[in-house]
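> First, the structure itself, so that you have it in front of you.
The values are calculated or read from the model by the stated rules, or taken from the named source; none is laboratory data. Computed from a predicted structure; not experimentally measured. Cβ: placed from backbone, ideal geometry, glycine included. Neighbour counts: every protein chain shown.
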Amino acid sequence: MADGLKVGLAGVGTVGGGLLQLLAARGDTLAARAGRPIEIVAVSTLEDRRNKAVDISTFRRVKDPVALAKDPEIDVFVELMGGVGGVAKASVEAALRAGKHVVTANKALLAHHGTSLATLAEKNGVALNFEAAVAGGIPVVKVIRESLQGNDISRVYGILNGTCNYILTTMERENRSFADVLKEAQAQGFAEADATFDIGGFDTAHKLALLTSLAFGTRVSLDSIYIEGIEAITPADIEAADDLGYRIKLLGVASRTESGIEQRVHPTMVPKHTAIAEVDGVLNSVAIDGDFMGDVVLVGRGAGGAATASAVTSDLIDIARGHILPPFGTKAKDLKPYKKAEMRAHEGGYYIRLSVYDRTGAFAAIATRMAEQGISIESIVQRRPREELPGIDRRHKGSPTTVVMITHQTTEAAIRNALAAIERDGHIDEKPRMIRIEKL
């Protein structure tokens, strides 16, 4: 058997600890599969941030991750520290310049600096692997970068954040408010104490930026993503979606259009009969639309030490086998400039919820504003008095009526223009609620 693949590990938290446990438990099996042993020879970790459940006393300790990245005794630098810049960026760049392969789970680093890091890796003839950075243990990077190369991908979308999916699933099942479920999720460890990064859609956006580059051969462009979180979703929205045959999910969607690439993260109504609607709890799912193979849907654990360590190990095995590919499937110099499709030109159906004053002319005025924008209504439902709906506060006298509309396909610009006009007319007592409906 060939000499071992010598690994330097920076970061021994949940994922790093999981990697050490996996390599210890499956060492012989992995060596047989890789054709050579995979050996951790040194680690770098802050004492107060490491996984106390694993013993690192047998490994050589290197205090500075940048020094470890350049260590002559390692072949691969595994970065599991996290962070957009700082020591994570400095150490990855140092490793690549020193001719060391890099494996990372750092989605934020790659979303901000992926194109430049890929260029550096290719310049030095080494791998930059990041299966663990997108959807945890789901092998979506390998599927797009390798298995689907014969296809022209038109869209990639998915549930990319388990915290949001858990919250929306629990709100639906137990008819509870967003704030209540978030508090529970934080208590159970499914959400961070400051959950803004998750619930605001930013975590999903980082992952979507990488999927977009992989799927469409473009430079990574995080700043081009439209981002909307789940904070405004109410039990009333979830109840209405259920009645209309939909479920609400936070989706990241990247689509190829005639005018460019559209990237968006937002709450979405998906038909109940679709596979992605059935993905509940903390699970993730990624769907890919290709011209020759049709639709592929992957479902699995999108986070956690074991699942993410599994993805890191897959990347290490590829390197041990000498299987080195351009990080984004296309050589960095050949990645196309990102051409953004205007979000307001997005076409699809929409859910609209209005709290309408029960007075003469109100409904006629709303219908007129919709017609002015060429919006056709597929269905309209007048729901029970709004004070009976959970998640809505009564602010004015007169018991406004809750009206839910589903539109036929139209543009985002048309919807926004119509709703702005409806607000100006003064026939509603709160801001209109709009949720996109994705055609799956």
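> Which of (1) assigned to a loop (DSSP other than H, G, I, E, B); (2) surrounded by fewer than 17 Cβ atoms within 10 Å (Cβ to Cβ) does Asn51 not meet, given it meets every other one?
(2)
> Further question: So which residues in the range 146-191 are under 16 Å from Ser213 (Cβ atoms) and in contact with a Ser or Thr (Cβ under 9 Å, 6 or more places away or on another chain)?
Answer for the range 146-191, where residues must be under 16 Å from Ser213 (Cβ atoms) and in contact with a Ser or Thr (Cβ under 9 Å, 6 or more places away or on another chain): Ser154, Arg155, Val156, Tyr157, Gly158, Leu160.
> Might you check whether a residue that is crowded, with 17+ Cβ neighbours inside 10 Å, more than 28 Å from Gly35 (Cβ to Cβ) and of a type in the set (Lys, Arg) occurs anywhere in the range 253-274?
Yes, because at least one residue in the range 253-274 is crowded, with 17+ Cβ neighbours inside 10 Å, more than 28 Å from Gly35 (Cβ to Cβ) and of a type in the set (Lys, Arg).
> Give me the residue from the range 190-224 that is acidic (Asp, Glu) and over 20 Å from Gly260 (Cβ atoms) and, out of that set, surrounded by the most Cβ atoms within 10 Å (Cβ to Cβ).
Asp203
> Further, regarding this structure: Please work out which one of (1) surrounded by 18 or more Cβ atoms within 10 Å (Cβ to Cβ); (2) over 15 Å from Ala88 (Cβ atoms) is the condition Ser44 fails and give its number.
(2)
> Based on this model, can you work out whether Gly137 counts as modelled with pLDDT of 95 or more, more than 17 Å from Gly217 (Cβ to Cβ) and not in a helix (DSSP H, G or I)? Break it down stepwise before answering.
Working: modelled with pLDDT of 95 or more: no; more than 17 Å from Gly217 (Cβ to Cβ): yes; not in a helix (DSSP H, G or I): yes.
Considered against the rule, which asks whether it is modelled with pLDDT of 95 or more, more than 17 Å from Gly217 (Cβ to Cβ) and not in a helix (DSSP H, G or I), Gly137 comes out as no.
> Can you tell me which residue in the range 314-333 is surrounded by the fewest Cβ atoms within 10 Å (Cβ to Cβ), limited to those that are closer than 23 Å to Arg219 by Cβ and not hydrophobic (A, V, I, L, M, F, W, C)?
Looking at the filtered set, the residue picked out is Lys333.
> How many residues are closer than 27 Å to Ala191 by Cα and in a strand (DSSP E or B) if we restrict to the range 255-290?
Looking only at that region, the number is 14.
> Let me ask another. Does any residue in the range 291-303 that is touching a residue at least 12 places away in the same chain (Cβ under 8 Å) come within less than 6 Å, Cβ to Cβ, of a residue that is of a type in the set (A, V, I, L, M, F, W, C) and surrounded by fewer than 17 Cβ atoms within 10 Å (Cβ to Cβ) six or more places away or on a different chain, and which pairs are these?
Pairs that qualify, where the first residue is touching a residue at least 12 places away in the same chain (Cβ under 8 Å) and the partner is of a type in the set (A, V, I, L, M, F, W, C) and surrounded by fewer than 17 Cβ atoms within 10 Å (Cβ to Cβ), are Val297/Ala275.
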